[in-house]
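Report on the following structure.
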Amino acid sequence: MKSASLLLIILLTAAGHSIAQADQGQPNIPGSAANIRRVNFYVVNKPKTLDLFSRLVVLRARKKGMTRRDKFIVIVATSAKEARAKMEDHLLKKNAMIGSLWFDTHGRYANGYSSFILGNDEFSYKTIHDTARMKDFSALSSYCDEYTRVAIGSCYGGATYEKPAHNGKPATRMNGDSLMVGLANLLPKATIYGTEGWVMTKPGIFHKHSYALAGYPLQKKFKDEVYRPVWEHMGIWHSYSTTTKKFEVINTLSLTRMGSIHIKEVSYLDKEKSKQRLEKNLAKLKPGLLKS
């Protein structure tokens, strides 16, 4: 879910932003593991013809990756199979492991469960245990270790709350935790991340000090009462790894200039300005704004 009202801002930012000095790769990697070559991937679901915002996101990411081709690769894919093939090609050529892997895709709140999408392939708690459908993700496990970070960069990708009943549809649990655990089982040792809230790709997404990925939708439909749980969980992320077997609440994520996943020191809703903004928006929520 992307906010179309940010298009002009992105165009101006992309045109005028100068390329800063590159960050280093994955931080805090001790010993011999620090000598392993690592590549960060930003995997984007191929935009639809009229999805102008998503196309601008791709251009923005590619601009960042152009000067960092050894460590930061942007991949546009129409399926898990295509994403895997492109990633393996880079990893084999560079004899590298995956540092950070970010899936930039849409989430579908209307479905009533957490998911991320690549083309016609939808991944959720309903499909993540299907061995045949997940073979392409499983094949990437040999390029992952305990220093690999993988983020489900879709809105509600790690949501654990219940989506309220709406328009005759019953309330449903989002089951983002089951999706995350399932993905971790496909990529043992890697740490998986998913968010309770929105993921917005507005200007500043490749700056680790930015809260650009915390989510702040502007369209009227998101002021519908059905979105209350999402508003209340903005910027809240979870992590899970088969190594620790702990499903934990963590602070808001950001991305560095090198595409590395970074956990911020302060979560979005812990900021006083964010709390005040949230209270104002919660007071404006009303039923009937979302028609479908």
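Just checking, which of SER210, SER178 is within 14 Å of TYR268 (Cα to Cα), touching a residue at least 40 places away in the same chain (Cβ under 8 Å) and either assigned to a helix (DSSP H, G or I) or not aliphatic (A, V, I, L, M) (or both)?
Values: SER178 fails: within 14 Å of TYR268 (Cα to Cα).
Of the residues listed, the single one that is within 14 Å of TYR268 (Cα to Cα), touching a residue at least 40 places away in the same chain (Cβ under 8 Å) and either assigned to a helix (DSSP H, G or I) or not aliphatic (A, V, I, L, M) (or both) is SER210.
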Quiz item: Does any residue of region 169-176 turn out to be buried (at least 24 other Cβ atoms within 10 Å of the Cβ) and of a type outside the set (A, V, I, L, M, F, W, C)?
Solution: yes
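Would you be able to say whether some residue in region 92-105 is without any contact (Cβ under 8 Å) to a residue 40 or more places away in the chain, closer than 30 Å to LEU290 by Cα and in contact with a helix residue (DSSP H, G or I) (Cβ under 9 Å, 6 or more places away or on another chain)?
no
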Quiz item: Assuming SER141 fulfils every condition listed in (1) assigned to a helix (DSSP H, G or I); (2) touching a Phe, Trp or Tyr at 6+ places or on another chain (Cβ under 8 Å) apart from one, which condition is it?
Solution: (2)
Quiz item: Taking region 246-292 on its own, how many of its residues are of a type in the set (Ser, Thr, Tyr) and more than 21 Å from SER154 (Cβ to Cβ)?
Solution: 1
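Would you mention how many residues in region 85-118 are of a type outside the set (A, V, I, L, M, F, W, C), outside any loop (DSSP other than H, G, I, E, B) and crowded, with 21+ Cβ neighbours inside 10 Å? Can you show your working first?
From region 85-118, those of a type outside the set (A, V, I, L, M, F, W, C) are 86, 88-90, 93-95, 99-100, 104-109, 111-115; that's our starting set.
From what's left, outside any loop (DSSP other than H, G, I, E, B): 86, 88-90, 93-94, 99-100, 104, 109, 111, 115.
Next, from what is left, pick out any that are crowded, with 21+ Cβ neighbours inside 10 Å: 99-100, 104, 109, 115.
The qualifying residues number 5.
Take the residues in region 241-259 that are among the hydrophobic types (A, V, I, L, M, F, W, C) and part of a loop (DSSP other than H, G, I, E, B), then tell me which one is farthest from GLY194 (Cα to Cα). Give the steps one after another, and end with the answer.
Narrowing region 241-259 to residues among the hydrophobic types (A, V, I, L, M, F, W, C): 247, 249-250, 253, 255, 258.
Applying the additional criterion that residues be part of a loop (DSSP other than H, G, I, E, B) yields 247, 258.
Details: PHE247: 11, MET258: 20 Å.
Within region 241-259, the match that is farthest from GLY194 (Cα to Cα) is MET258.
Tell me the residue from HIS262, HIS238 that is part of a strand (DSSP E or B), under 16 Å from ALA151 (Cα atoms), in contact with a Leu (Cβ under 8 Å, 6 or more places away or on another chain) and not polar (S, T, N, Q), please. Break it down stepwise before answering.
Values: HIS238 fails: in contact with a Leu (Cβ under 8 Å, 6 or more places away or on another chain).
None of the other options fit; the residue is HIS262.
Find the residue count for region 151-162, including only residues that are buried (at least 24 other Cβ atoms within 10 Å of the Cβ) and over 20 Å from LYS246 (Cβ atoms). Please lay out each step first, then the result.
Filtering region 151-162 down to residues buried (at least 24 other Cβ atoms within 10 Å of the Cβ) leaves 151-159.
Filter once more, keeping what is over 20 Å from LYS246 (Cβ atoms): 153-156.
The number of residues fulfilling the criteria is 4.
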Quiz item: Out of all the residues in region 212-230, which are under 20 Å from ILE250 (Cβ atoms) and surrounded by fewer than 22 Cβ atoms within 10 Å (Cβ to Cβ)?
Solution: ALA212, TYR216, PRO229
Quiz item: How about region 117-147: which of its residues are touching a residue at least 60 places away in the same chain (Cβ under 8 Å) and of a type in the set (Val, Ile, Thr)?
Solution: ILE117
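Rule-based calculations on the coordinates, nothing more; no lab input. Only a predicted model underlies this, so the values are computations on that prediction, with no experimental measurement involved. Methodologically, a virtual Cβ is constructed for each residue, glycine included, from the backbone with ideal geometry; neighbour enumeration extends over all protein chains shown.
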